[in-house]
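The values are calculated or read from the model by the stated rules, or taken from the named source; none is laboratory data. Keep in mind that what you see is a predicted model, and the values were worked out from it rather than measured. Cβ placement follows ideal geometry from the backbone for every residue including glycine, while neighbour counts extend to all protein chains displayed. Heavy atoms of the whole protein, side chains included, go into the accessibility calculation; ligands, DNA and RNA do not. Shrake-Rupley method; radii C 1.70, N 1.55, O 1.52, S 1.80 Å.
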Amino acid sequence: GEQQWEVTPTHTAILSGLGEWCSDACVALGRTCTEDALEALNPFLDSQTRMASLVSTLGGACQSYNIYWGTATDVPNLDAAGVCLVSGSGRASSTYDCSRQQPGRSRVCNCCGPTPAPTLAPGY
């Protein structure tokens, strides 16, 4: 069971499996990845402190950091040794890609969910 973080009622952040792209990771949850969703998550990932906090929430752990790949389309991500590639601040929208994957690295993904069905009041 992957740990998840509800960013908004319709967006859920997860860590992909090693070498898995966000598109596949989201589909496995019955959701979809969009580049807009990745961009919306970026303010939680654009510093070492913020990325460490979110990765921890998602069940991972940053042991060290690399800040030199901040606009690469598969960043933010981390490897099995806990080396976290931190996202750059204020990135161009074109630098996000749901379908990029890196062998041996887990990506931080933001999945768009089906909108929760309204709950009917008891008695209906």
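Using a cutoff of 8 angstrom between alpha carbon atoms and counting only pairs six or more residues apart, the relative contact order for the chain works out to 38 percent. Summarised as an ellipsoid, the chain has semi-axes of 26, 15, 14 Å, derived from the eigenvalues of the Cα gyration tensor scaled by 5 and square-rooted, with the largest first. Expressed as a whole percent, the accessible surface of the chain that belongs to carbon and sulfur atoms is 54, based on a 1.4 Å probe. Using 0.36 nm per residue and subtracting the Cα-Cα separation, the extra length available between residue 4 and residue 73 on full extension is 22.7 nm. Once each part is reduced to its C-alpha centroid, what is the distance from the stretch 20-82 to the stretch 96-116 in angstrom? So the separation of the two Cα centres works out to 8 Å.
Relative to the longest principal axis of the Cα atoms of the chain, the long axis of helix 48-57 lies at roughly 40 degrees. 3J(HN,Hα) along the stretch 14-29: 9, 9, 6, x, 4, x, 9, 7, 5, 4, 5, 4, 6, 4, 4, 9 Hz, from the Karplus curve 6.51 cos²θ - 1.76 cosθ + 1.60 with θ = phi - 60°, whole Hz, x for Gly and Pro.
Per residue of the chain, the DSSP helices (runs of n ≥ 4 H) give a summed -39500 (n - 2.57) that works out to -5000 deg cm²/dmol at 222 nm. The residues of the stretch 26-85 expose, per residue, 49 Å² of accessible area to a 1.4 Å probe.
Give me the net charge for the shell around residue 21: Cβ to Cβ below 9 angstrom, other residues only, Lys and Arg +1, Asp and Glu -1. With Lys, Arg at +1 and Asp, Glu at -1, the net is -2.
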